[in-house]
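Have a look at the structure below, then the notes.
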Amino acid sequence: MSKKNIFYKHPRLYTLGLKWIHKSNFAKRYRYMASFIREGDTVLEPACGPAILAGFLPKGSFYRGFDTNKNFLNYALKKCPSVYLGNVLNQESYCQADIVIACDILHHLKPTDRERFIQNCFSFTKKVFVICEPGKIRKTAKNIFYPLRKWIAEWSEEDGTNDVKSEYFFTHEQLLDQVIHGFGIIPPLIEREIKYFGEDIVTVFFKDKSYRQKLKTQEFVSAIVPVFNEEKTVAGVVEALLKSPLINEVICINDGSTDGTLSVLRKYKDKIQLINFKDNKGKGYALVEGIKKAKGEIVSFIDADLTNLSDNHIETLLEPVLGNKFRAVLGYPSNGWIPDVFSNLTGERVYYKKDLVPYLEEMTKTRFGVEVFLNNLFTENETKKIPLKKLRGLYKYEKRSSVNAFREYLGEAVEIAREIGKREGLIPEDYQAIAKVSKATSFKELRIRIKGVANKNVRHFLEKYVLNYIKTVQHWWKSF
Ligand SMILES: C[S@@+](CC[C@H](N)C(=O)[O-])C[C@H]1O[C@@H](n2cnc3c(N)ncnc32)[C@H](O)[C@@H]1O
């Protein structure tokens with residue numbers, strides 16, 4: 001038995017080390033591997049280490065892992081009871097599983113043991129076998145630092161079980177060659193998918209071909225973009241969505257725009273589905289029309305006023321639903337310094353279409369209250385709120401005259417307040433008071449109108465939901 005270095009003695013240190021090495025790819029790798037698992041699936045991880053993967057699995061799946069390292073197993077046992085002592089080279093350690101995932105283990109094994117390991121994994125797989133391995137870009141010329149680099153490489157892999165040699169590592173080319181040839185074990189007819197995460201290559205072998213088809217149909221994602229007068233930004237949003245490998249179709253709803261939005265959208269008419277309303281029907285109505293058209297099981301709502309939507313934002317937004325962990329995602333623009341008080345009202349969202357279908361009729365009437373309406377359909381446990389770093393939407397003050405910008409913000413605030421009012425038990429007279437307030441043309445006038453509302457409860461309601469909304473937007477705009 002080899003020595004165990006400090007990382008293999010302390011699972012927390014090991015995890016920290018991995019995070020440091022992989023940076024943003026740390027979580028991405030595990031999420032990607034977990035994205036092939038569905039509710040009810042059994043998962044086996046040979047050489048599970050401290051079972052980090054277990055933290056990324058969808059609800060309702062069943063995890064098992066085994067390893068030779070008792071320090072890791074004792075730590076893993078605290079969060080998942082189904083880990084046990086076992087050796088990847090012994091068949092007896094394995095059990096049948098829908099998904100078998102082998103992460104960062106191949107280079108620990110002697111080259112002569114690799115085939116046996118792959119054979120074990122593949123024969124105990126029912127649906128999908130996933131293997132993740134680092135491929136080093138190795139310099140052939142031995143420079144003066146070579147002995148030091150070799151020593152570091154070998155020391156860092158001292159896992160207490162194997163005497164790892166630096167030659168055990170594959171180069172990217174060797175690894176790809178192995179993958180293509182199924183490590184000499186997996187038949188060529190088995191479909192495979194390969195993805196790079198930094199130095200790592202993750203290969204997914206679909207032993208059950210029909211399961212792959214099932215995953216594909218399940219994961220069809222429709223992006224739905226309601227657009228009202230966004231001629232400056234809508235092209236950027238549409239292009240980012242069309243570019244994203246995770247989005248299968250883009251549906252834009254021109255909601256009675258009076259600027260050049262429609263002609264911008266028409267340029268993409270061969271690539272997007274375009275729904276055009278002559279008159280403005282409200283955001284709720286527009287989204288519903290998009291949902292009705294959507295072919296996807298998953299629908300993602302994206303506002304058209306975003307200026308820098310990226311692949312990374314889209315991936316972050318979709319991941320919790322694609323990973324089957326949540327039923328609703330709210331992705332809110334976050335700059336680090338602005339408090340995220342409006343995160344519940346964000347337009348960037350993801351849902352399962354089937355969850356929304358029963359509510360479409362009600363949703364058509366919500367206008368800008370649609371976000372409040374949607375929030376109430378899901379519990380906190382079913383909802384994931386995610387900051388989308390550095391995502392920015394244009395302020396209305398950047399695209400309209402200040403009077404029109406004020407009017408639009410007030411319109412939004414009033415529609416949101418109306419939707420909240422339904423849940424707070426407002427009666428028809430209260431809505432008349434809200435309608436009067438909504439006629440204000442400046443902040444000063446709005447304050448006076450609200451002060452004039454006789455009913456104290458309604459007055460407080462308007463201060464809380466309308467006045468504060470406008471105040472916050474104006475404050476941000478001034479400090480922007
Ligand atoms: C780099 S770690 C990977 C752990 C885990 N899969 C992960 O992604 O964090 C390699 C693991 O393989 C385990 N290992 C090495 N040889 C093994 C063997 N023959 N049988 C079972 N586990 C083994 C080590 O104890 C260590 O936990």
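The values are calculated or read from the model by the stated rules, or taken from the named source; none is laboratory data. The shown structure was predicted, so the numbers you read here are calculated from the model rather than taken from an experiment. Don't worry about glycine lacking a Cβ; one is built from the backbone with ideal geometry, like all the others, and counts go over all protein chains shown.
Does segment 323-382 hold any residues that are touching a Phe, Trp or Tyr at 6+ places or on another chain (Cβ under 9 Å) and of a type in the set (S, T, Y), and which are they?
Those that are touching a Phe, Trp or Tyr at 6+ places or on another chain (Cβ under 9 Å) and of a type in the set (S, T, Y): Y332, S343, T346, Y351, Y359, T364, T366.
Looking at this structure, is G296 at pLDDT 95 or above and either touching a strand residue (DSSP E or B) at 6+ places or on another chain (Cβ under 7 Å) or of a type in the set (S, T, Y) (or both)?
It is false that G296 is at pLDDT 95 or above and either touching a strand residue (DSSP E or B) at 6+ places or on another chain (Cβ under 7 Å) or of a type in the set (S, T, Y) (or both).
With in a helix (DSSP H, G or I), among the hydroxyl-bearing types (S, T, Y) and within 16 Å of the ligand (Cβ to nearest atom) as the only criterion, which of T112, T161, T203 stands out?
T112
The rows are residues; the columns are (1) among the polar types (S, T, N, Q); (2) at pLDDT 85 or above; (3) not assigned by TED's automatic domain parsing to the domain that holds R367.
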position	(1), (2), (3)
S310	yes, yes, no
E315	no, yes, no
G323	no, no, no
N335	yes, no, no
N344	yes, no, no
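Do we find a residue being charged (D, E, K, R), modelled with pLDDT of 95 or more and surrounded by fewer than 16 Cβ atoms within 10 Å (Cβ to Cβ) anywhere in segment 85-100?
Checking segment 85-100: at least one residue is charged (D, E, K, R), modelled with pLDDT of 95 or more and surrounded by fewer than 16 Cβ atoms within 10 Å (Cβ to Cβ).
Residue under question is L18, and the condition is that it be among the aliphatic types (A, V, I, L, M), surrounded by fewer than 21 Cβ atoms within 10 Å (Cβ to Cβ) and more than 20 Å from F117 (Cβ to Cβ); does it hold?
Spelling it out, L18 is indeed among the aliphatic types (A, V, I, L, M), surrounded by fewer than 21 Cβ atoms within 10 Å (Cβ to Cβ) and more than 20 Å from F117 (Cβ to Cβ).
Quick one: which of A240, A223 is out of contact with any strand residue (DSSP E or B) (no Cβ under 6 Å at 6 or more places or on another chain) and either on the phi < 0 side of the Ramachandran plot or not basic (K, R) (or both)?
Answer to the check: A240.
Under the condition of being surrounded by fewer than 18 Cβ atoms within 10 Å (Cβ to Cβ) and either in contact (Cβ under 8 Å) with a residue 24 or more places away in the chain or out of contact with any Phe, Trp or Tyr (no Cβ under 9 Å at 6 or more places or on another chain) (or both), which residue from segment 36-50 is farthest from F206 (Cα to Cα)?
Across segment 36-50, the extreme among qualifying residues is E39.
May I ask you to verify whether V128 is outside any helix (DSSP H, G or I), within 15 Å of the ligand (Cβ to nearest atom) and either assigned by TED's automatic domain parsing to the domain that holds E45 or under 25 Å from T15 (Cβ atoms) (or both)?
For V128, the condition - outside any helix (DSSP H, G or I), within 15 Å of the ligand (Cβ to nearest atom) and either assigned by TED's automatic domain parsing to the domain that holds E45 or under 25 Å from T15 (Cβ atoms) (or both) - is not met.
Identify, please: which residue in segment 164-192 is within 16 Å of the ligand (Cβ to nearest atom) and in a loop (DSSP other than H, G, I, E, B) and is, among those, farthest from the chain's Cα centre (by Cα)?
K165
State which residue is farthest from the chain's Cα centre (by Cα) when the search covers only segment 90-109 and only residues that are away from the ligand (no atom under 13 Å from the Cβ) and aliphatic (A, V, I, L, M).
So, considering only residues that are away from the ligand (no atom under 13 Å from the Cβ) and aliphatic (A, V, I, L, M), the one farthest from the chain's Cα centre (by Cα) is A97.
Considering only residues that are in contact with a strand residue (DSSP E or B) (Cβ under 7 Å, 6 or more places away or on another chain) and assigned to a loop (DSSP other than H, G, I, E, B), look in segment 70-89 and name the one that is nearest to the ligand (Cβ to nearest atom).
The residue in question is V88.
Here are L109, L85, L57: which of them is touching a helix residue (DSSP H, G or I) at 6+ places or on another chain (Cβ under 8 Å), in contact (Cβ under 8 Å) with a residue 12 or more places away in the chain, closer than 26 Å to H172 by Cβ and not acidic (D, E)?
Within the list L109, L85, L57, the selection yields L109.
Across segment 58-69, what is the number of residues that are more than 9 Å from the ligand (Cβ to nearest atom) and either modelled with pLDDT of 95 or more or crowded, with 23+ Cβ neighbours inside 10 Å (or both)?
3
Would you check which residues across segment 115-125 are of a type outside the set (S, T, N, Q) and more than 12 Å from the ligand (Cβ to nearest atom) and list them?
Residues satisfying the conditions are E115, I118, F122, F124.
It is to be established whether one or more residues within segment 395-404 are within 19 Å of V225 (Cα to Cα) and at pLDDT 85 or above.
No.
Can you list the helices (runs of 4 or more DSSP H) lying wholly within segment 285-404 that have 1 or more residues being in contact with a Ser or Thr (Cβ under 7 Å, 6 or more places away or on another chain)?
In segment 285-404, 311-322, 370-375 are the helices (runs of 4 or more DSSP H) which contain 1 or more residues that are in contact with a Ser or Thr (Cβ under 7 Å, 6 or more places away or on another chain).
So how many residues does segment 1-55 have that are away from the ligand (no atom under 13 Å from the Cβ) and more than 22 Å from the chain's Cα centre (by Cα)?
Qualifying residue count for the region: 2.
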